[in-house]
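To start, the structure itself, in structure tokens.
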Amino acid sequence: MRTSFLLAAALLSTLPACFQFEVTAQAAYAQMAVDGDIGYTSGSAAAVAQDVESALGLGDDQGIPYGRLAIDTGVPVLAVSGFMLEDSGTGVLTANFGDVGGIVANTPVRSDLEMTNAKFSYAFDIDLGPVSIQPGIAANYFDMTVEVADLIGIATETVELKAPLPLGFLRAEIELGIVSLVGEVGYMAIDVEDVETSFLDIEALLMVHPTKLLNLFVGYRSMELDAEGDIDGDSFDTDLQISGFMIGGGLIF
């Protein structure tokens, strides 16, 4: 009995050395913007990609809140980040947009974009001294709606994207004293029947840890969605980039 007790005590005494549980909650102010092209038609006509800035009037930098939460359990690392983006403006279409008889080329339009994005990742920490490599999987959830209406109020067309995108994922961290560098890359490519889609998500952070409980950071996030094809008679050709810088801080528990 005494031997069993001593063995159990010895095992318990080694747990802190091989196990850790750390939660990091961060909030930031971000300047994000949409760039690229959107093309959408319904019927036999092929979609023509149109610049979101000149044709739809979108693309101005938007100041938005940005949040991140990471849970480090020693080997598995779970993380989630997200933001909401809204943009609106006026432009002039360079090609037909929407259903047959919808909004025709050279029509002045007003566009409204609403998007919610959340990234979930599950990675495995491989500790190499000051460097940590964390391969894993991720999912990037998009809920985006773009509504385009002519300025006289006759026709309105809506494009929606609501889908979780599965990603191969890799995170790398380098610790240099009170400073650390974090980089994340997620990627997917799908070619199914009449649809081709690729998605690239890159995030980079420079963190400063003035105390054990506090961190400050600046960062950059870039997402690129490239999709084209035909679904149920709808033709689309989209190449969108959502990107911007952020600055914030957080607490470590």
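Grab the alpha carbons of the range 172-253, take their convex hull, and tell me the volume per residue in Å³.
Per residue, the Cα convex hull of the range 172-253 comes to 110 Å³.
Which far-off residues, 5 or more places away or on another chain, put their amide H under 5 Å from the one on A95, with H placed in the peptide plane?
N106
Please identify which residues in the range 72-89 have an amide N closer than 18 Å to a label point set 7 Å out from the Cα of A27, following the Cα→Cβ vector.
Residues passing the 18 Å test: 80-85.
Going by average Cβ neighbours within 10 Å, how do the peptides 177-183, 141-147 rank, with the highest at the top?
141-147, 177-183
As an exercise, find the ratio Rg/Rh for the range 64-112 from alpha-carbon atoms, using the Kirkwood inverse-distance average for Rh.
1.40
Determine, at each q value in 0.07, 0.11, 0.13, 0.14 (inverse angstroms), the log₁₀ of I(q)/I(0) that the Debye formula gives when each Cα of the chain is one equal point scatterer.
These q points yield log10 I(q)/I(0) values of -0.33, -0.68, -0.86, -0.95.
Name the long-range amide H neighbours of S42: under 5 Å, sequence gap of 5 or more, or other chain; modelled H, no Pro or chain starts.
G98, D99, V100, S235
Bear in mind these aren't lab numbers, they're just calculated from the coordinates by the rules spelled out. Predicted, not measured: the structure shown is a model, and the values here were computed from it. Methodologically, a virtual Cβ is constructed for each residue, glycine included, from the backbone with ideal geometry; neighbour enumeration extends over all protein chains shown.
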